[in-house]
Every structure is written in structure tokens, then in C-alpha cells.
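The values are calculated or read from the model by the stated rules, or taken from the named source; none is laboratory data. No experiment lies behind these values; they were computed from the predicted model shown. For neighbour counting, all protein chains shown are included, and Cβ atoms are generated from backbone atoms with ideal geometry for every residue, glycine included.
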Amino acid sequence: MIPLVAGPRPLVMGVVNVTPDSFSDGGEWFEPEAAIAHGRDLLAAGADLIDVGGESTRPGATRPSVDEELRRVVPVVRALAAEGAVISIDTMRAAVAAAAVEAGAEIINDVSAGLADGEMASLAAQAGIPFIAMHWRGHSTEMQSRAVYDDVVADVCRELRERVAALQESGIDSANIILDPGFGFAKTAEHNWALLRSLDEVVALGHPVLVGTSRKTFLGRLGRAAGEDPRPPTERDLSTAVTSFHAARRGAWAVRVHDVGSTIQALDVADALKDPDALKDPDAKERS
């Protein structure tokens, strides 16, 4: 079972988007066979767990039907879980979460923190498995209009505390709650950067913290002139890896990324800077 305390380095959660309209890959893994193969590739690259989702949450995205979301994710979860992978199901629907857990998912990752479906919290409580609660202010079609804060760090921390209390009242064990500050969800670029700078304040809330900055638009705007288009999502992996390095230094439990290899390298650098023993050459004795 995946540990729910921050270890010496964050866990790496690889993303498998089983959607035709993902902002990050444009539906490259939409068919189940392709999604399963991609999950295997992420595991081979070093991912500790795989996050399978069948609904795009990019700004402006429309929701698939429940049946369509089930069709997309359940075969992928079942196949990868049967091969021993630790799977989180990325869904806002209790029915989808229940089917995925039955198929082998061990974590529920709800970007709405249980707000989108009134049955989600009770389902997670009954399942007795880790529940990732993200800071959320509305669905993709409306969330950016709600990116208004007095102090984004203080407001996000306060709203996360409120959700934790509500989830506990619904029966979810406090020890099973993981928090996600929701980079890119109802937040401007300035809000995202402020949250990254103050990530330790989210960690101080006392729950494991998942950081999901991977390929987000605010990273694509780095180095771009005002009015210039951001870099394409697949050209944001280096910037993502730097945020993974930062998350490691701030005590994050896990980082959610599309490109596992670059983040693994960034975390190796973080380890080497923190622990001189990480620099020791394991083959030195054989060569001497």
C-alpha cells in the first residue's frame, strides 16, 4: 500500500488521461489499449502510482455522461491494477469511483473534494481508502470566473480546512485525507505562483499534499511576451520538473506529472543536494 506520510522524496503519480480532449496530450491515450500501454510506460519510467481519469477538467471542457466515463476508465483501471499497479481514480462522480474501486483502484482523486457529487464522501468513507481533496470552486465551464481572492494562500488554506472538516463529518478518516491546492483551478497565473511559493503553508495543514502543476498554462507562459501564445503543453515538462524539485524541498507527499522521467531526474537532484550519500557511486567497489 502507498504510504500516506511524506517520505524523503515525493511519490510520483503518472497521469493517464482517457479523454479525447485533454489539454496535455490531445486525446493520444483515448482508446483503452493505448491508455493501458501508456500506464505501463509510466510505471517503467519510475511512477509510483497511476492516476486514471476519463473527464477533462481543462477550462471550458464539457462533461461526458456517466456511462461514457465508466466506459473510458474501468477497463484501464482493471488492467493496470491486475498487473500490480497502484491506481488512483480521477473522478468527481461517486458511481465512477465505486466502479473503479471495484476494478482495483486504491485511491480516489476528486478534484471537487466531494462538492460535485453529494454521494462521493459517503462512498469514500465506506471504501476506507485514501481520498484526495482538491481546492475547487466550480466546474470547468465556470471556474475561472471565480478566481477572486483576498489572499490566495490564506483563502485556499481556509477553504481546504473547511472541506477537511466536512469530509470528516461524512465519515472519512482524517488519516485518509490528502490535500491538493488545485493549481490552475479557479486561479490565475499569479495565484498559482503565490501558492507554489507558499506551499509549506499548505503542508502545514497537517495532511499529505499532492502537487499537480504538470503542463499547466502558467508554466507555458514563462518567457513569453505579453499577448504571445504559451508554449505547447508537451514543451512544459522541464518547467514541471522544476516545480517537482520545489515540491520535494517543501515537503509534498506526491507530484502528479505527465512526463515521469524528467521529474524523476529532478527528484534525484533534490536527493543529491540533501543527502551526500546519494552521490556515492554504487559501482565504485567493482571498478577498484
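Restricting to the range 82-104, name every residue that is at positive phi and in contact with a strand residue (DSSP E or B) (Cβ under 7 Å, 6 or more places away or on another chain). Walk me through it before giving the result.
Our first condition is that a residue be at positive phi; within the range 82-104, this holds for 84, 104.
Within the range 82-104, GLY104 is the sole residue that qualifies.
Inside the range 130-227, counting only helices (runs of 4 or more DSSP H) that do not spill past its ends, which hold 1 or more residues that are of a type in the set (Val, Ile, Thr), modelled with pLDDT of 95 or more and over 25 Å from ASP117 (Cβ atoms)? If you could, list the steps in order and put the result at the bottom.
Details: elements: 152-169, 189-197, 199-203, 217-220.
Per the criteria, 152-169, 199-203.
So, in the range 200-242, how many residues would count as being out of contact with any strand residue (DSSP E or B) (no Cβ under 7 Å at 6 or more places or on another chain) and on the phi < 0 side of the Ramachandran plot? Full working, then the answer.
Filtering the range 200-242 down to residues out of contact with any strand residue (DSSP E or B) (no Cβ under 7 Å at 6 or more places or on another chain) leaves 200-201, 204, 206, 213, 215-239, 241-242.
In the following step, the residues that additionally are on the phi < 0 side of the Ramachandran plot were identified as 200-201, 204, 213, 216-222, 224-226, 228-239, 241-242.
Final tally of qualifying residues: 28.
What's the number of the condition ASP180 fails, among (1) more than 11 Å from ALA133 (Cα to Cα); (2) touching a residue at least 60 places away in the same chain (Cβ under 8 Å); (3) crowded, with 16+ Cβ neighbours inside 10 Å?
Result: ASP180 fails condition (1) only.
Does ALA113 satisfy being out of contact with any Asp or Glu (no Cβ under 6 Å at 6 or more places or on another chain) and at negative phi? Quick ask: steps written out before the conclusion?
Working: out of contact with any Asp or Glu (no Cβ under 6 Å at 6 or more places or on another chain): yes; at negative phi: no.
Criteria not met by ALA113.
Looking at ALA125, ALA154 in this structure, which one is under 21 Å from VAL96 (Cβ atoms) and surrounded by fewer than 21 Cβ atoms within 10 Å (Cβ to Cβ)?
Details: ALA154 fails: under 21 Å from VAL96 (Cβ atoms).
Result of the check over ALA125, ALA154: ALA125.
Answer yes if at least one residue in the range 259-268 is farther than 13 Å from VAL211 by Cβ and touching a strand residue (DSSP E or B) at 6+ places or on another chain (Cβ under 7 Å), and no otherwise. Steps first, answer last, please.
The initial filter retains those residues of the range 259-268 that are farther than 13 Å from VAL211 by Cβ, namely 259-262, 264-265, 268.
Narrowing further to those that are touching a strand residue (DSSP E or B) at 6+ places or on another chain (Cβ under 7 Å): 260, 264.
Yes, the conditions are met somewhere in the range 259-268.
Looking at the range 226-238, is at least one residue in contact with a His (Cβ under 9 Å, 6 or more places away or on another chain), surrounded by 16 or more Cβ atoms within 10 Å (Cβ to Cβ) and farther than 21 Å from ARG58 by Cβ?
no
If SER24 satisfies all but one of (1) touching a His at 6+ places or on another chain (Cβ under 6 Å); (2) among the polar types (S, T, N, Q); (3) at pLDDT 95 or above, what's the number of the condition it fails?
Looking at each condition in turn, SER24 falls short on (3).
Among the residues of the range 104-129, write down those that are assigned to a loop (DSSP other than H, G, I, E, B) and among the hydrophobic types (A, V, I, L, M, F, W, C). Show your work before the answer.
Residues of the range 104-129 that are assigned to a loop (DSSP other than H, G, I, E, B), as a first pass: 104-106, 111-119, 128-129.
Of everything in the range 104-129, those that are assigned to a loop (DSSP other than H, G, I, E, B) and among the hydrophobic types (A, V, I, L, M, F, W, C) turn out to be ALA105, VAL111, ALA113, LEU115, ALA116, ILE129.
Would you check which residues across the range 131-146 are surrounded by 15 or more Cβ atoms within 10 Å (Cβ to Cβ) and either charged (D, E, K, R) or in contact with a helix residue (DSSP H, G or I) (Cβ under 8 Å, 6 or more places away or on another chain) (or both) and list them?
Taking the range 131-146 first, the residues surrounded by 15 or more Cβ atoms within 10 Å (Cβ to Cβ) are 131-140, 143-144.
Residues satisfying the conditions are PHE131, ALA133, HIS135, TRP136, ARG137, GLY138.
So which pairs qualify, if the first residue must be in the range 249-273 and touching a residue at least 24 places away in the same chain (Cβ under 8 Å) and farther than 25 Å from PRO232 by Cβ, the second must be in a helix (DSSP H, G or I) and of a type in the set (Asp, Glu), the Cβ gap must be under 8 Å, and the two must be at least 6 apart or on different chains?
The qualifying pairs are ARG250/ASP200; GLY251/ASP200.
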